[in-house]
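Colleague: Okay, here's the structure, questions in a sec.
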Amino acid sequence: MKHHPVTFDKNVVSPRRTLLLGSTFLLAGVLGMQAPKALAQDFPPKKNITMIVGFVAGGAADTGARIIAKRLGENLGVSVTVENKAGAGGNIAHQQTATGPADGSVLLLGSVGPLAIAPHMMKLPYDPVKDLAPLTMAVNFPNVLVVDPGAGIKTFAEFVATARKNPGKLTFASTGPGSASHLAGELLNDMAKLDTVHVPYKGGAAALQDVLGGRVTGWYATVATAAPHIEAGKLIPLASTGTQRLPSLPKVPTIAESGFPGFNATNWYAFVASSKVPKPVLDRWNTELVKVLTNPDVVEQLNKHGLTPLPGTREELARYMATDTAMWGRVIRERKIVFD
């Protein structure tokens, strides 16, 4: 019996080869369809997450970040390290995040200054809208105008009267040019026709020391920073900057109810990340952060420091930032405020 050599026409595909090729393309298609899902499941991106804060340790931002970071780490089973990157009113931290890794391992507790105010005052090396992706609002809180007892001012009415009699003499500290504590003072100058002088600092700790030492008249401080010193009688609270009185300082009036209706200079911190981070990871961070910010224990801890959690969707934060940016832009233009 003769055995004829078997030859294959390269242009003819066997049924077996067709099956193999079909299986290969089918597998590739399935893997391709599953890629986004796999990306979303690859979370957290690293075992060591960095949460950047644009101010020195001890202030409201740092306090809130550490409370949130602790619970976030416990929920995810990873290490969440708070990194204080002070300077330029928080803009250094925001730039670092904007140009940072695209894997979602870096979060920023951003603030109203760099996100909604600074773009109107200076040319930034980053674009808050294009380079930073909103995750969720974190906390919202008013500041409280406090003064050194040595200033001889005991009420908000006395503060305004003294400022009007002594233009250019009273000073107020802030955590940096364009910060919420700066703009609160400028807004009062505008509405009350005052001439109080702005003295910027790199963070709350430095501002606090100079107010306590009598080197600066007052400061639109956060409750977290000022409360212990108010209780000790080292600082006198005159008025708060929000639309409602602070629960922790119920006897202290708002500026709005003290003769300047419509006054509202509310501070806020929000979580953002680099816009280079894939959307599935950004969405997952929103889910995890909202879970922390709605935890009863976390809410209670934040409230003790005068911080009110306001978690929400990424879209809600984007709209809030746009509204605040427009409002502060108007104030800055009308007051002709520039970066010193």
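Colleague: Which of the residues spanning segment 290-315 are surrounded by 21 or more Cβ atoms within 10 Å (Cβ to Cβ), closer than 25 Å to residue 181 by Cβ and aliphatic (A, V, I, L, M)?
Modeller: Within segment 290-315, 293, 302, 307 meet the criteria.
Colleague: Residues to consider are 318, 322; find the one that is surrounded by fewer than 18 Cβ atoms within 10 Å (Cβ to Cβ) and under 22 Å from residue 104 (Cα atoms). Steps first, please.
Modeller: Details: 322 fails: under 22 Å from residue 104 (Cα atoms).
Just a single option satisfies the conditions, and that option is 318.
Colleague: Here is a follow-up. Say we look at segment 230-250 and pick out the residues that are modelled with pLDDT of 95 or more and not small (Gly, Ala, Ser); which of these is surrounded by the fewest Cβ atoms within 10 Å (Cβ to Cβ)? It would help to see each step written out before you state the result.
Modeller: So the first thing to find is which residues in segment 230-250 are modelled with pLDDT of 95 or more, and the list is 230-241.
From what's left, not small (Gly, Ala, Ser): 230-231, 234-238, 241.
Values: 230: 18, 231: 9, 234: 15, 235: 24, 236: 20, 237: 21, 238: 22, 241: 26.
Applying the filter and picking the extreme gives 231.
Colleague: For segment 193-204, enumerate the residues that are modelled with pLDDT under 95 and buried (at least 21 other Cβ atoms within 10 Å of the Cβ).
Modeller: Matches in segment 193-204: 201, 203, 204.
Rundown of residues vs (1) within 26 Å of residue 317 (Cβ to Cβ); (2) in the same structural domain as residue 101 (by TED's automatic domain parsing); (3) touching a strand residue (DSSP E or B) at 6+ places or on another chain (Cβ under 9 Å), yes/no style:
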{"site": "201", "(1), (2), (3)": "no, no, yes"}
{"site": "208", "(1), (2), (3)": "no, no, yes"}
{"site": "216", "(1), (2), (3)": "no, no, yes"}
{"site": "221", "(1), (2), (3)": "yes, no, yes"}
{"site": "232", "(1), (2), (3)": "no, no, no"}
{"site": "248", "(1), (2), (3)": "yes, no, no"}
{"site": "271", "(1), (2), (3)": "yes, yes, yes"}
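Colleague: Next question. Looking at segment 58-81 only, could you name the residues that are farther than 19 Å from residue 306 by Cα and either acidic (Asp, Glu) or in contact with a His (Cβ under 8 Å, 6 or more places away or on another chain) (or both)? Talk me through it step by step, then tell me what you get.
Modeller: To start, the set of residues in segment 58-81 that are farther than 19 Å from residue 306 by Cα comprises 72-81.
Scanning segment 58-81 gives a single hit, 74.
Colleague: Of all residues in segment 120-153, how many are outside any strand (DSSP E or B), farther than 22 Å from residue 230 by Cα and not basic (Lys, Arg)?
Modeller: Count: 10.
Colleague: Consider residue 114 against the criteria (1) more than 24 Å from residue 335 (Cα to Cα); (2) in contact (Cβ under 8 Å) with a residue 24 or more places away in the chain; (3) not β-branched (Val, Ile, Thr): it satisfies all of them except one. Which criterion is unmet?
Modeller: Evaluating residue 114 over (1) more than 24 Å from residue 335 (Cα to Cα); (2) in contact (Cβ under 8 Å) with a residue 24 or more places away in the chain; (3) not β-branched (Val, Ile, Thr) leaves (1) as the failure.
Colleague: Outside the structural domain of residue 230 (by TED's automatic domain parsing) and either surrounded by fewer than 16 Cβ atoms within 10 Å (Cβ to Cβ) or without any contact (Cβ under 8 Å) to a residue 12 or more places away in the chain (or both) - does that describe any residue in segment 130-153?
Modeller: yes
Colleague: Out of curiosity, is residue 175 outside the structural domain of residue 80 (by TED's automatic domain parsing), farther than 20 Å from residue 234 by Cα and touching a helix residue (DSSP H, G or I) at 6+ places or on another chain (Cβ under 6 Å)?
Modeller: Details: outside the structural domain of residue 80 (by TED's automatic domain parsing): yes; farther than 20 Å from residue 234 by Cα: no; touching a helix residue (DSSP H, G or I) at 6+ places or on another chain (Cβ under 6 Å): yes.
Here the answer is no, as residue 175 does not meet what is asked.
Colleague: What are the residues in segment 288-340 that are assigned to a helix (DSSP H, G or I), hydrophobic (A, V, I, L, M, F, W, C) and farther than 14 Å from residue 135 by Cβ, if any? Outline the logic, then answer.
Modeller: Step one: of segment 288-340, the residues assigned to a helix (DSSP H, G or I) are 288-293, 296-304, 314-335.
Still in the running and hydrophobic (A, V, I, L, M, F, W, C): 289-290, 292-293, 298-299, 302, 317-318, 321-322, 326-328, 331-332.
Matches in segment 288-340: 298, 299, 302, 322, 326, 327, 328, 331, 332.
Colleague: Still on this structure, I have one more. If you check residue 268 against the conditions, is it assigned to a strand (DSSP E or B) and either surrounded by 14 or more Cβ atoms within 10 Å (Cβ to Cβ) or in contact with a Leu (Cβ under 8 Å, 6 or more places away or on another chain) (or both)?
Modeller: So residue 268 passes the test.
Colleague: Quick one: is residue 160 in the same structural domain as residue 90 (by TED's automatic domain parsing), of a type in the set (A, V, I, L, M, F, W, C) and within 24 Å of residue 330 (Cβ to Cβ)?
Modeller: Working: in the same structural domain as residue 90 (by TED's automatic domain parsing): no; of a type in the set (A, V, I, L, M, F, W, C): yes; within 24 Å of residue 330 (Cβ to Cβ): yes.
Answer is no for this residue.
Colleague: Could you please give the count of residues in segment 234-251 that are in contact with a helix residue (DSSP H, G or I) (Cβ under 6 Å, 6 or more places away or on another chain), of a type outside the set (Val, Ile, Thr) and outside any loop (DSSP other than H, G, I, E, B)?
Modeller: Adding up the residues that qualify gives 3.
Colleague: Name the residues in segment 50-62 that are touching a helix residue (DSSP H, G or I) at 6+ places or on another chain (Cβ under 7 Å), surrounded by fewer than 23 Cβ atoms within 10 Å (Cβ to Cβ) and modelled with pLDDT under 95, would you?
Modeller: Residues satisfying the conditions are 56, 58.
Colleague: Within segment 252-265, can you find the residues that are assigned to a loop (DSSP other than H, G, I, E, B) and modelled with pLDDT of 95 or more? Write out each step before concluding.
Modeller: We begin by selecting, within segment 252-265, every residue assigned to a loop (DSSP other than H, G, I, E, B); these are 252-253, 255, 259-265.
252, 253, 255, 259, 260, 261, listed by residue number.
Colleague: Also: Looking for whichever is touching a helix residue (DSSP H, G or I) at 6+ places or on another chain (Cβ under 9 Å) and more than 25 Å from residue 327 (Cα to Cα) here; the options are 193, 169, 154. Which one fits? Walk me through it before giving the result.
Modeller: Details: 193 fails: more than 25 Å from residue 327 (Cα to Cα); 154 fails: touching a helix residue (DSSP H, G or I) at 6+ places or on another chain (Cβ under 9 Å).
On inspection, the qualifying residue turns out to be 169.
Colleague: Now, a different point. If you check residue 190 against the conditions, is it among the charged types (D, E, K, R) and surrounded by 18 or more Cβ atoms within 10 Å (Cβ to Cβ)? Don't jump to the end; show me each part of the working.
Modeller: Details: among the charged types (D, E, K, R): yes; surrounded by 18 or more Cβ atoms within 10 Å (Cβ to Cβ): no.
Against the criterion (among the charged types (D, E, K, R) and surrounded by 18 or more Cβ atoms within 10 Å (Cβ to Cβ)), residue 190 does not qualify.
Colleague: From the residues in segment 154-182 that are buried (at least 24 other Cβ atoms within 10 Å of the Cβ) and assigned to a strand (DSSP E or B), which one is modelled with the lowest pLDDT?
Modeller: By that ranking, first place goes to 174.
The values are calculated or read from the model by the stated rules, or taken from the named source; none is laboratory data. Being a predicted model, the structure only gives us computed values, none of them experimental. In this analysis, Cβ positions are derived from the backbone assuming ideal geometry, glycine residues included, and neighbour counts consider all displayed protein chains.
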